[in-house]
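Reading through the structure tokens given below for one structure.
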Amino acid sequence: MSLAYSPSELHPDADINRFGNNPAQRFAQNLALVQTRIAEACARAGRAPGEVQLLPVTKTVPAAVLRHAFAAGIRDFGENKLQEARDKQAALSDLPIRWNVIGHLQTNKVKYLVRFASEFHALDSLRLAAELNRRLEALGRDLSVFIQVNTSGEDSKYGLPPEALPAFIERLADFPRLRPQGLMTLAILSGDPLRVRRCFALLRILRDAAQLRHPGITRLSMGMTSDFEIAIEEGADVVRVGQAIFGPRPRSAGAFWPGLDDV
Ligand SMILES: *Cc1c(COP(=O)(O)O)cnc(C)c1O
């Protein structure tokens with residue numbers, strides 16, 4: 001793997017490296033551009049603009065940079081690693097931020113998540129649901145969750161196989177502290193937009209079927225930098241976008257910001 005620049009060449013202030021010397025302004029511009037693209041995709045799909053929620057994804061972006069993002073108007077942040085989310089939450093606890101955990105969660109990390117997360121987008125097992133419910137119960141709080149479905153059939157992807165979804169949703173009634181909002185997926189990583197679109201279309205079909213029995217299952221969390229417009233055309237309600245807002249991620253974030261795992 002070759003990187004465009006080596007860590008030793010990096011300016012000590014990560015803001016400068018990634019965002020020029022006026023990061024808040026850069027975010028405002030990037031954000032405006034993404035919002036425009038969302039509005040255009042909505043128009044193409046005959047959907048009302050504003051129907052789609054943008055969830056900015058800040059994994060590997062340092063807490064200091066999130067302050068600038070907050071200054072640019074961002075209030076919801078998506079993080080895919082619990083430890084990283086926790087550290088940033090601690091560093092930014094003076095700001096009224098909503099933390100959305102969007103990546104796979106190990107059961108032993110649940111006790112941390114329930115303390116600060118507003119939403120969890122990657123519910124993919126009953127064991128995890130039970131542990132979340134137990135810990136939430138102890139704190140007397142509820143949590144919005146999205147059920148992650150593997151729509152691409154790739155072994156590398158987390159999520160329930162589509163055929164397991166109906167029974168899974170039935171069982172969620174046992175966990176009253178969880179507020180299921182809808183379904184989440186990651187499309188196949190492919191240069192072929194048709195294959196990507198098929199993943200999103202499948203999630204919509206699964207949602208439509210689930211909603212007949214469970215009216216609360218309404219929202220689709222799908223689409224990221226490389227494919228959010230296709231996702232919107234297929235019915236996304238929440239798009240999780242990182243790099244289009246915060247700039248490209250180094251392939252190995254740990255090389256740049258010690259303490260972060262590879263992404
Ligand atoms: C990183 C991530 C995203 C955003 O990816 P970008 O390419 O930065 O837009 C969306 N969803 C999940 C689950 C992620 O981990």
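Numbers below:
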{"read-out": "Test: residue in region 84-97 that is open to solvent by 30 Å² or more (accessible area, probe 1.4 Å) and closer than 30 Å to residue 230 by Cβ", "value": "no"}
{"read-out": "Number of the exception - residue 209 against (1) surrounded by fewer than 22 Cβ atoms within 10 Å (Cβ to Cβ); (2) under 20 Å from residue 155 (Cα atoms)", "value": "(2)"}
{"read-out": "Residues of region 61-83 classified as open to solvent by 50 Å² or more (accessible area, probe 1.4 Å) and hydrophobic (A, V, I, L, M, F, W, C), total", "value": "2"}
{"read-out": "Residues being assigned to a helix (DSSP H, G or I) and hydrophobic (A, V, I, L, M, F, W, C) - total across region 122-145", "value": "8"}
{"read-out": "First in region 212-234 and farther than 24 Å from residue 179 by Cβ, second anywhere and within 11 Å of the ligand (Cβ to nearest atom) and open to solvent by 50 Å² or more (accessible area, probe 1.4 Å), Cβ under 7 Å, 6 or more apart", "value": "225/243"}
{"read-out": "Total residues in region 131-144, condition open to solvent by 20 Å² or more (accessible area, probe 1.4 Å) and under 17 Å from the mean Cα position of the chain (by Cα)", "value": "1"}
{"read-out": "Residue match in region 181-189 (condition: within 16 Å of the ligand (Cβ to nearest atom), modelled with pLDDT under 95 and under 19 Å from the mean Cα position of the chain (by Cα))", "value": "yes"}
{"read-out": "Of the criteria (1) open to solvent by less than 60 Å² (accessible area, probe 1.4 Å); (2) in contact with a helix residue (DSSP H, G or I) (Cβ under 8 Å, 6 or more places away or on another chain), which one residue 203 fails", "value": "(2)"}
{"read-out": "Checking residue 26 against (1) within 11 Å of residue 245 (Cβ to Cβ); (2) under 20 Å from the mean Cα position of the chain (by Cα), the condition it does not meet", "value": "(2)"}
{"read-out": "Residue in region 114-121 that is out of contact with any Lys or Arg (no Cβ under 8 Å at 6 or more places or on another chain) and more than 16 Å from the ligand (Cβ to nearest atom) present", "value": "yes"}
{"read-out": "Contacts under 8 angstrom Cβ, first residue in region 69-88 being under 17 Å from residue 121 (Cα atoms) and part of a helix (DSSP H, G or I), partner of a type in the set (Val, Ile, Thr) and within 14 Å of the ligand (Cβ to nearest atom), 6 or more apart", "value": "82/101; 84/60; 85/101"}
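Here's the yes/no breakdown for (1) open to solvent by less than 30 Å² (accessible area, probe 1.4 Å); (2) within 16 Å of the ligand (Cβ to nearest atom):
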residue: 100; (1), (2): yes, yes
residue: 129; (1), (2): yes, no
residue: 146; (1), (2): yes, yes
residue: 163; (1), (2): no, no
residue: 194; (1), (2): no, no
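The values are calculated or read from the model by the stated rules, or taken from the named source; none is laboratory data. Just so it is clear, the model here is predicted, and its values are computed rather than measured. Every residue, glycine among them, receives a Cβ derived from its backbone with ideal geometry; neighbour counts consider all protein chains shown. Heads up: the accessible areas ignore ligands, DNA and RNA and are worked out on the full protein's heavy atoms, side chains in. Shrake-Rupley method; radii C 1.70, N 1.55, O 1.52, S 1.80 Å.
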